[in-house]
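Any read-out appearing in this document is the output of simple, stated calculations on the displayed coordinates, not a laboratory observation. Computed from a prediction, not measured in an experiment: that's the story for all the values here. Neighbour counts are summed over all protein chains in view; Cβ atoms, including those assigned to glycine, are modelled from backbone coordinates with ideal geometry.
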Amino acid sequence: MKILIYSSVFYPAIGGIENHTRMLAGEFVRAGHSVKVVTEQAQGDAPPLQGIEIVHSSRRWKQLRLFAWADVVYMPNITLKGAWLFAFNPFKKWVVSHNDFHLTQGNGLKTRLKRRMVRHATRNVAVSASVSRVVGTESDVIYNCYDDSVFRVYPEEKRDRDFVFVGRLVQQKGCDMLIDACRLIQRPFTLTVVGEGTEYDRLRAKVETLKLQDRIHFSGYLQGEALARCLNRHRTMVVPSMGPEGFGIVALEGLACGCRMIVSEAGGLPEAVAGHADTFAMGDLVALHRLLERALDEGEPRTAGRGLFLDRHMRPHVASQYLGVFERVVGMRPPGGEQAGLPC
């Protein structure tokens with residue numbers, strides 16, 4: 001199968017959609033399919049991805065050739081910048097995956113056009129049941145994968161620290177509330193904050209004002225094995241999001257690294273941990289504090305039963321579900337027979 005991925009964001013940028021799309025593309029290639037990517041992301045000096053051609057979206061003629069070449073077009077989150085291609089073949093098979101709630105945010109012209117456009121996709125995929133309910137059209141729910149080759153238990157790491165937060169330091173991610181909840185703890189604890197963002201300086205200043213700098217440490221940005229080993233040194237990961245999350249790959253990474261999980265009931269985030277976590281209502285400071293205290297009482301995390309759950313989120317398993325959707329839509333024939341298109 002010839003798969004064209006059209007994504008505004010992609011490798012080498014780092015982020016939930018970027019990482020997940022890169023992992024899927026790699027698995028599609030390993031399964032024997034041809035994959036090409038059109039993206040706005042400049043490649044710069046980034047090493048090429050094996051078996052994957054990446055084309056910048058400024059190359060219009062090349063996009064047309066790839067569009068004609070593809071059996072199916074896959075868009076991780078809808079982008080209007082790729083819509084012009086379908087004027088050349090409105091019957092081209094295409095699949096949109098919905099990774100967040102951006103279609104529910106605002107009612108401007110751009111958002112309304114996106115809502116209308118997804119109704120014309122051959123098939124829609126949602127990364128959680130929570131997202132599926134707001135897509136506005138029927139969608140298959142396929143939960144995200146994580147990088148199981150990196151995020152795992154490293155037995156040589158000593159799990160001697162209490163809490164860890166991983167995410168962008170912006171208001172929506174809830175690190176501010178987590179610091180407030182930690183402030184209420186009246187016994188020794190440690191919290192490591194992993195990440196960068198617009199709130200970084202303010203949060204560090206807040207910790208100093210509260211005189212908690214001996215307990216709350218800011219590590220800055222970590223990724224890959226460095227992040228996985230950091231998680232292995234902590235007993236509990238806290239994901240205190242203050243706004244709905246489409247899914248929450250970071251929660252899978254925490255589970256895979258052996259952390260106890262505390263997550264807010266933010267959109268699809270509870271689905272990402274599926275009963276393998278303590279949850280609390282978004283913004284409930286008192287409930288979060290109680291769960292932090294309980295985690296300190298319990299000590300070492302219990303990880304029984306996680307293996308089978310995590311197996312369902314491994315890259316080959318999730319990629320095979322996407323390929324199943326692609327194969328079904330490619331099997332559909334347009335009115336009048338074969339698809340039209342430019343010669344590749």
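Worth pointing out:
- Charge sum, other residues only, whose C-beta stays under 14 Å from Gly305's C-beta, Lys/Arg counted +1 and Asp/Glu -1: +3
- Selected from Asn232, Asn107, Asn144 as most flexible by GNM, with the chain as the system and alpha-carbon contacts under 10 Å: Asn107
- Computed over the alpha-carbon atoms, the chain gives an Rg to Rh ratio of 1.01, Rh here being the Kirkwood radius from the mean inverse distance.
- 0 to 90° range, to nearest 10: angle between helix 285-298 axis and the chain longest Cα axis: 70 degrees
- Total lysine pairs in the chain at Cα distances under 13 Å, for residues eight or more apart or on different chains: 6.
- Computed log₁₀ I(q)/I(0) - Debye formula, equal Cα scatterers, no solvent, the range 107-191, q 0.15 Å⁻¹: -0.89
- Packing here is the average count of other Cβ atoms within 10 Å per residue, and on that basis the peptides 38-51, 273-286, highest first, run 273-286, 38-51.
- Taking other residues whose beta carbon is less than 12 angstrom from the beta carbon of Leu212, and scoring Lys, Arg as +1 and Asp, Glu as -1, yields +2.
- Mean ellipticity per residue at 222 nm, deg cm²/dmol - from DSSP H runs of n ≥ 4 across the chain, formula -39500 (n - 2.57): -10000 deg cm²/dmol
- If you sort the three axes of the alpha carbon gyration tensor as a ≥ b ≥ c, you get a/c under 1.5 for the range 161-302, which makes it rounded.
- Peptides 185-195, 307-317, 165-175, 252-262 ordered by average Cβ neighbours within 10 Å, highest first: 252-262, 165-175, 185-195, 307-317
- For the chain, the relative contact order works out to 18 percent when only alpha carbon pairs closer than 8 Å and six or more residues apart are counted.
- Its residue count N fixes a reference of 2.2 N^0.38 Å for the range 63-102, and the Cα radius of gyration divided by that reference is 1.19.
- Nonlocal amide H pairs with Phe101, under 5 Å, H built at 1.01 Å: Gly246
- Net charge of neighbours whose Cβ lies under 10 Å from the Cβ of Lys62, counting Lys and Arg as +1 and Asp and Glu as -1: +3
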